[in-house]
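Working notes, structure below.
The values are calculated or read from the model by the stated rules, or taken from the named source; none is laboratory data. The structure displayed is predicted, hence computed values, not measured ones. Using ideal geometry, Cβ is built from the backbone for each residue, glycine included, and neighbour counts are taken over all protein chains shown. Surface accessibility is based on the protein's heavy atoms, side chains included, excluding ligands, DNA and RNA. Shrake-Rupley method; radii C 1.70, N 1.55, O 1.52, S 1.80 Å.
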Amino acid sequence: MPGPLAAVRELTPRTRIVLGVNAVNSFGGGLVLPFLWIYLSEVRGLPAWVPSSTLAVQAATAVVGGLLWGALLDRFTPRTTVPVVMAVAGAGTALYAQATGAVTAMVAAVVYGFGISGVGTVLRFLYAGAASARERQLAYSADYAVFNAMTGLGVLAGGAVASLDTGSRAARFAALYLADGATFWLAGAALFWLLPRAVEAAGAGGGDGVQSTGRRGYREVLTQRHIGALLGALTLCSLVSYGQFRSGLPGYLTRDGAVGAGGVSGAFAVNIVVAVVAQVLLAERLGRIRRSTVLAVSGATWAVAWALVLAAGEQRGGSALGLALAGVVLLSVGEALVFPVVTSLLNDLAPEAIRGRVNALLSVAVSTGSVAGPALAGATLPVADGIALVAVLVFACLAVVAVAVRLRTTLGAAADLPAVDGEQSTAEAEEDRAVATPEPAPAAA
């Protein structure tokens with residue numbers, strides 16, 4: 001069986017170009033990822049309500065913006081939409097460099113939230129233009145690994161810059177936000193020049209004009225078979241994983257001193273490392289496993305993970321830390337398995353005319369779970385010493401398993417086991433290329 005590097009080499013140049021662009025973007029995002037609250041409250045000296053409101057406004061704007069970008073992707077070609085998305089996201093994060101008051105911080109939050117909501121949507125849309133279901137799944141898996149790895153490197157670089165003694169602290173943080181903005185602008189410019197050759201030639205549609213209008217809106221998306229159920233399952237997946245890493249997990253583990261701040265920081269590092277390693281080792285192999293099986297295994301894995309976290313909260317010292325890290329490893333493996341696979345499945349099921357809106361709703365589902373996670377943690381952590389929170393999360397994990405079991409009986413083989421369809425598509429593509437490539441003309445005598 002080919003190794004992970006061989007799997008990456010299977011990707012077309014078009015897909016590798018988009019991966020490279022996202023690597024730069026992810027590094028820029030990592031530069032500022034941990035710092036917004038610190039920057040607005042400590043560096044700019046704004047009251048605590050400003051960073052909290054800024055994050056809320058940013059999240060709400062992202063939901064609304066994502067829906068708009070999805071509709072535009074179904075109406076216009078990527079070369080028209082993608083550079084605009086990148087330009088708006090870059091402008092938003094760069095505005096934070098000038099956020100010296102509440103008004104400027106809120107303006108930055110609106111612009112950035114509106115822009116960043118489209119970045120993930122357009123990148124997934126571009127990967128969906130792959131030649132086969134197999135390549136699509138490999139692309140989403142590689143993207144997940146690249147995002148985590150480059151974001152982690154960005155966090156390290158951003159921390160190093162923030163801790164320098166050169167210049168004022170405000171100037172250093174402003175430079176980080178401007179650098180993040182520059183990565184979006186570079187990505188938009190690169191894709192603008194490369195899309196005509198690297199993406200649209202792959203069949204993403206049309207010239208520089210209008211694609212399918214898709215004017216029936218998002219109701220058309222939700223009435224497609226399986227898509228609504230998958231989006232609901234994805235929301236639960238985000239709720240029990242992404243949505244708890246910055247809220248329920250540290251809140252539960254530290255409430256009675258089971259794990260200290262250093263242990264929580266270590267858990268975050270473990271999450272990034274395990275997610276990247278799991279993708280590198282498993283990306284190619286996932287194409288040989290039924291997607292419904294991957295979804296069910298992820299739900300079951302998360303249920304066990306939260307049981308371990310529950311046990312960790314009842315311990316102290318090394319035992320608590322060991323159980324907590326074991327739970328984090330399982331949570332991270334589940335993330336690495338399920339999100340690329342479900343993303344690929346949704347894009348395989350989506351007709352071309354509504355693919356932009358499907359990817360927009362995918363972004364909304366992940367964002368909803370991430371936003372609902374802290375709200376759930378805040379409401380349930382005080383109940384029964386946090387046991388209520390873990391019980392709700394385990395129940396949600398089992399609901400994911402139930403959806404997966406149901407899908408296994410209703411999904412067709414081509415959708416549930418992409419390797420079969422991918423191999424056929426690859427063979428057909430090779431045959432098409434052979435037909436389309438004429439024999440070289442004989443040299444003149």
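At-a-glance table
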| quantity | calculated |
| --- | --- |
| Meets criteria (open to solvent by 30 Å² or more (accessible area, probe 1.4 Å) and more than 21 Å from residue 370 (Cβ to Cβ)) for residue 17 | yes |
| Residue, farthest from residue 177 (Cα to Cα), within the range 126-137, restricted to residues that are open to solvent by 10 Å² or more (accessible area, probe 1.4 Å), part of a helix (DSSP H, G or I) and not acidic (Asp, Glu) | 134 |
| Filtered residues of the range 162-181 (kept if at pLDDT below 90 and farther than 12 Å from residue 39 by Cβ) | 163, 164, 165, 166, 167, 168 |
| Hits in the range 23-48 (condition: open to solvent by 10 Å² or more (accessible area, probe 1.4 Å), in a helix (DSSP H, G or I) and either in contact with an Asp or Glu (Cβ under 7 Å, 6 or more places away or on another chain) or charged (D, E, K, R) (or both)) | 29, 31, 32, 42 |
| Which numbered condition residue 155 fails, given (1) closer than 23 Å to residue 336 by Cα; (2) surrounded by fewer than 20 Cβ atoms within 10 Å (Cβ to Cβ) | (2) |
| Every residue from the range 195-213 that is open to solvent by less than 20 Å² (accessible area, probe 1.4 Å) and at pLDDT below 50 | 198, 199, 204 |
| Enumeration of residues in the range 316-338 that are open to solvent by 10 Å² or more (accessible area, probe 1.4 Å) and either within 25 Å of residue 407 (Cβ to Cβ) or touching a helix residue (DSSP H, G or I) at 6+ places or on another chain (Cβ under 7 Å) (or both) | 321, 323, 325, 326, 329, 330, 333, 337 |
| Within the range 100-117, tally of residues that are out of contact with any Ser or Thr (no Cβ under 7 Å at 6 or more places or on another chain) and either in a helix (DSSP H, G or I) or touching a residue at least 60 places away in the same chain (Cβ under 8 Å) (or both) | 8 |
| Residue tally, condition open to solvent by 10 Å² or more (accessible area, probe 1.4 Å) and touching a Lys or Arg at 6+ places or on another chain (Cβ under 7 Å), over the range 49-102 | 2 |
| Conditions (1) buried (at least 22 other Cβ atoms within 10 Å of the Cβ); (2) closer than 13 Å to residue 241 by Cβ; number of the one not met by residue 341 | (2) |
| Any chance residue 343 is assigned to a helix (DSSP H, G or I), at pLDDT 90 or above and within 20 Å of residue 70 (Cα to Cα) | yes |
| Filtered residue count, the range 384-430, keeping only those that are among the hydroxyl-bearing types (Ser, Thr, Tyr), modelled with pLDDT of 65 or more and either closer than 30 Å to residue 253 by Cβ or open to solvent by less than 40 Å² (accessible area, probe 1.4 Å) (or both) | 1 |
| Any helices (runs of 4 or more DSSP H) falling wholly within the range 217-315 and containing at least 1 residues that are open to solvent by less than 10 Å² (accessible area, probe 1.4 Å) and more than 18 Å from residue 415 (Cβ to Cβ) | 227-240, 242-245, 248-254, 261-286, 291-313 |
